[in-house]
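The values are calculated or read from the model by the stated rules, or taken from the named source; none is laboratory data. What you see is a predicted model; the values in this text were computed from it and never measured. Here the Cβ positions follow ideal geometry from the backbone for every residue, glycine too, while neighbour counts run over all protein chains shown. Surface accessibility is based on the protein's heavy atoms, side chains included, excluding ligands, DNA and RNA. Shrake-Rupley method; radii C 1.70, N 1.55, O 1.52, S 1.80 Å.
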Amino acid sequence: MALLVVLGALGAWTVKNDGYLFGIKTPLAAADYEGTGGEPVDIDVPEAANGYTIGAELAEADVVASAEAFVRAFNANPDAAGIQPGTHTMKLQMSAESAVALLAANEVKRGGLTVVEGYTVAQIKDTMVEQGWPEADVDAALANTKALGLPAEAKGELEGWLAASTYDAKPESTSAADVLKQMVALTIEELDALEVPTEQRNDLIIKASLVEREAPDKYRGEVARVIDNRLAANEPLGLDAIDSYGRNKPSHLITTEEFRDKSFPYASRVVAGLPPTAIGAPSNASVEAVMNPPEGPWIWYVTVNLESQETKFTDDYDEFLAFKDEYQAWAAENGY
């Protein structure tokens, strides 16, 4: 009997007698459906899968009529070798040719876990638990920062070091510790790519987390410059986002006494310098804004229109008060 051998990125396999002779279908040809199929069904293509194992999985799920028919269609499609691992949405009872073509389109469902830019460690934990990771496992992993690969310059603080991104991870296939390791590793990879000196990384992440929580998209650089200017003058940063993070409540619920408590390290109105930790996961845009802020003397800023996000900057206190009045007028007119 003739042997059919298929080589490609997904591996090599051999099938005995596929039922074709010189390209002509014979009565021995493997069973095959016609058309592009019916109801959708998700199929997981694992890493390092080969054509035969994919065909066997599809046949078992009734996506194709037989693994042998899939093998032949795979061999006939030059794009088949580029099929990527991951979850592919297929259809029941497809022709083998259609199945291979759909897989080769690589419309892969990626990532079971999305870490949103600005999320705190507590919010990341809640997201993981909501998506099925056991809370005890997440807590244990978060407690062992060394095992997560947290570098020494982070001083044992995970806040800000869990990179915002979408991760191809699910509770049934990736442990809590492993997905958290990916987050730390991605942060380090991004800092390496930006060539940030080791001794500057922690402060950079803290500043970037402040920009992430405070700055409208168009004004990240200007807010970063305000932070630098206040630090250079040894003035308190006066950012409510810092106090809210430290007190774990919205700024409008923080009392005047709490805002003025000099013993509290996150009391940004009275304590000069950076907060002791980041206040969330910064985006790359915020990191880059901190690394390259525009020149400017600004000390204060006010977002005067919440819908357009127009923000005005100044180093004159009276002008700052005028900006506040402008915002109040806009808010009253627009029901805020």
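Being assigned to a loop (DSSP other than H, G, I, E, B), closer than 25 Å to Glu47 by Cα and open to solvent by 50 Å² or more (accessible area, probe 1.4 Å) is the filter here, so list the residues in region 148-175 that pass it.
Within region 148-175, Asp168, Lys170, Glu172, Ser173, Ser175 qualify.
With respect to Val5, is the statement that it is outside any loop (DSSP other than H, G, I, E, B), surrounded by fewer than 16 Cβ atoms within 10 Å (Cβ to Cβ) and either modelled with pLDDT under 50 or hydrophobic (A, V, I, L, M, F, W, C) (or both) true? Reasoning before the result, please.
On the way: outside any loop (DSSP other than H, G, I, E, B): yes; surrounded by fewer than 16 Cβ atoms within 10 Å (Cβ to Cβ): yes; either modelled with pLDDT under 50 or hydrophobic (A, V, I, L, M, F, W, C) (or both): yes.
It is true that Val5 is outside any loop (DSSP other than H, G, I, E, B), surrounded by fewer than 16 Cβ atoms within 10 Å (Cβ to Cβ) and either modelled with pLDDT under 50 or hydrophobic (A, V, I, L, M, F, W, C) (or both).
Restricting the search to region 243-275, which residues are of a type outside the set (Phe, Trp, Tyr), assigned to a helix (DSSP H, G or I) and surrounded by 12 or more Cβ atoms within 10 Å (Cβ to Cβ)?
Once the filter is applied, which keeps residues that are of a type outside the set (Phe, Trp, Tyr), assigned to a helix (DSSP H, G or I) and surrounded by 12 or more Cβ atoms within 10 Å (Cβ to Cβ), region 243-275 yields Asp243, Ser244, Gly246, Arg247, Ser251, Glu258.
I'd like the full set of residues that are in contact with a helix residue (DSSP H, G or I) (Cβ under 9 Å, 6 or more places away or on another chain), polar (S, T, N, Q) and more than 28 Å from Gly246 (Cβ to Cβ), limited to region 153-204.
Thr174, Ser175
Does Ile205 satisfy the criteria of being under 22 Å from the mean Cα position of the chain (by Cα) and over 9 Å from Ile279 (Cα atoms)? Can you show your working first?
Values: under 22 Å from the mean Cα position of the chain (by Cα): yes; over 9 Å from Ile279 (Cα atoms): yes.
Yes, satisfied.
Given the criteria open to solvent by 50 Å² or more (accessible area, probe 1.4 Å), part of a helix (DSSP H, G or I) and either under 19 Å from Ala147 (Cα atoms) or among the small types (Gly, Ala, Ser) (or both), does Gln182 qualify? So that I can check it myself, show each step before the final result.
Working: open to solvent by 50 Å² or more (accessible area, probe 1.4 Å): yes; part of a helix (DSSP H, G or I): yes; either under 19 Å from Ala147 (Cα atoms) or among the small types (Gly, Ala, Ser) (or both): yes.
Yes: the conditions hold for Gln182.
How many residues does region 207-236 hold that are crowded, with 21+ Cβ neighbours inside 10 Å and assigned to a loop (DSSP other than H, G, I, E, B)?
Within region 207-236, residues that are crowded, with 21+ Cβ neighbours inside 10 Å and assigned to a loop (DSSP other than H, G, I, E, B) number 1.
Among (1) within 16 Å of Ala233 (Cβ to Cβ); (2) in contact (Cβ under 8 Å) with a residue 24 or more places away in the chain; (3) open to solvent by 70 Å² or more (accessible area, probe 1.4 Å), which single condition is Glu288 missing?
With (1) within 16 Å of Ala233 (Cβ to Cβ); (2) in contact (Cβ under 8 Å) with a residue 24 or more places away in the chain; (3) open to solvent by 70 Å² or more (accessible area, probe 1.4 Å) applied to Glu288, the lone miss is (1).
Give Ser165, Ser268 a once-over and let me know the one that is free of Cβ contacts under 8 Å to residues at least 60 places away in the same chain, farther than 28 Å from Trp300 by Cβ and among the hydroxyl-bearing types (Ser, Thr, Tyr). Break it down stepwise before answering.
Working: Ser268 fails: farther than 28 Å from Trp300 by Cβ.
Sole residue among the options that is free of Cβ contacts under 8 Å to residues at least 60 places away in the same chain, farther than 28 Å from Trp300 by Cβ and among the hydroxyl-bearing types (Ser, Thr, Tyr): Ser165.
Contact list please: Cβ distance under 8 Å, first residue in region 190-206 and within 12 Å of Val290 (Cα to Cα) and of a type in the set (Asp, Glu), second residue modelled with pLDDT of 95 or more and surrounded by 11 or more Cβ atoms within 10 Å (Cβ to Cβ), pairs at least six apart or on different chains.
As it stands, the answer is Asp203/Leu274, since those pairs meet every condition given.
So, in region 291-336, of the ones that are open to solvent by 70 Å² or more (accessible area, probe 1.4 Å) and among the hydroxyl-bearing types (Ser, Thr, Tyr), which residue ends up modelled with the lowest pLDDT?
Top of the filtered list is Tyr336.
Would you check which residues across region 63-81 are of a type in the set (Val, Ile, Thr) and over 33 Å from the mean Cα position of the chain (by Cα) and list them? Show your work before the answer.
Within region 63-81, the first condition is being of a type in the set (Val, Ile, Thr), and the residues that meet it are 63-64, 71.
Selection gives Val64, Val71.
Find the residue count for region 31-51, including only residues that are in a loop (DSSP other than H, G, I, E, B) and either open to solvent by 30 Å² or more (accessible area, probe 1.4 Å) or at pLDDT 85 or above (or both).
Keep residues of region 31-51 that are in a loop (DSSP other than H, G, I, E, B), which gives 31-39, 46-50.
Restricting the remaining residues to those that are either open to solvent by 30 Å² or more (accessible area, probe 1.4 Å) or at pLDDT 85 or above (or both) gives 31-39, 46-48, 50.
Matching residues across region 31-51 total 13.
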